[in-house]
Amino acid sequence: MTKNSTATAYTRGKGLLEPALARLRTQRANRLIPVELRAGRILDIGCGSFPYFLAHTAFKEKFAVDQLPMPKETAAQNQIEFFTLDLNHEPRLPFQGEYFDAVTLLAVVEHLDPDSMALLFQESCRVLKPGGIVILTTPAAWSDGLLKLMARINLVSAEEIHEHAFAYTLPLLGWHFGQAGFKMSKVKFGYFEFMLNMWATAQK
């Protein structure tokens, strides 16, 4: 795993809990990735300017997309091939079909309008190899008010929380996975961070 100055950046804005939350999110995602997939390619969608997760995960090839530009030195230090893409306006991924072994959407879908999120799920299925996996994390719908309160008292990033466009439940995430072409028998769900956040995986 890469260790450099990038690894100390967590998210945009400030929040006393952001370092701990970023670490927990990264640990959860890493535990959900089958070891055998790490010899292939991973795509992190919505990585932000600070690719904390990609800097702390092991894959043969790492790719990322986000609407915010990533500094070239950051991408080079972490061996990331980066693409700028506004996911709300153009949720089409610039990759051929069945190209990735894993796709991650960590603290991303809540920032997208529902129509763009639905298209992005379809695109994630398209670019996944058979046997590949999508991993996502997102705040639980019930925690929206609590997160806004935490942002006001500087516990979490106000910049991130104020950009939340939609809140999801586990059944709604499952419905979107099914609409995108994933078999429900290969979809799994759970909670973490004191049930404030949800995780979901879907295998192609």
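Derivation of every value follows stated rules applied to the coordinates shown; laboratory data play no part. Everything numeric here is computed off the predicted structure, so don't read it as measured data. All Cβ positions, glycine included, derive from the backbone under ideal geometry; neighbour counts span all protein chains shown.
Taking the charge dipole of region 5-203 about its Cα centre, with +1 at Lys and Arg Cβ atoms and -1 at Asp and Glu Cβ atoms, the residue from PRO19, GLY131, GLN79 reaching farthest to the positive side is GLY131. May I ask which of LYS60/LYS129; LYS129/LYS188; LYS60/LYS148; LYS14/LYS186 have a Cα-Cα span longer than 26 Å here? Cα-Cα > 26 Å for LYS60/LYS148; LYS14/LYS186; rest within. Here the relative contact order of region 30-122, from alpha carbon pairs under 8 Å that lie six or more residues apart, stands at 32 percent. Counted by neighbouring Cβ atoms within 10 Å, the residues PHE83, PHE53 run from fewest to most as PHE83, PHE53. When the helices of the chain are scored as -39500 (n - 2.57) per DSSP H run of n ≥ 4 and the total is divided over every residue, the value at 222 nm lands at -8500 deg cm²/dmol. Would you compute the Debye intensity of region 106-204 from its alpha-carbon atoms alone, equal scatterers and no solvent, and pass along log10 I(q)/I(0) at q = 0.11 Å⁻¹ to two decimals? Log10 I(q)/I(0), no solvent term: -0.33. In a reduced charge model with +1 at each Lys and Arg Cβ and -1 at each Asp and Glu Cβ, the chain shows a dipole moment near 700 debye about its Cα centre. Please work out which option in (i) 35; (ii) 8; (iii) 25 gives percent of Cα pairs over 32 Å apart calculated from these coordinates, and answer with its label. Among (i) 35; (ii) 8; (iii) 25, the one derived from this structure is (ii).
At a threshold of 8 angstrom on Cα-Cα distance, excluding pairs fewer than six apart, so keeping six or more, what relative contact order does the chain reach in percent? Averaging sequence separation for qualifying contacts and normalising by length gives 22 percent for the chain. What whole-number distance in Å separates the alpha-carbon centres of region 55-129 and region 161-204? For region 55-129 versus region 161-204, the Cα centre distance is 17 Å.
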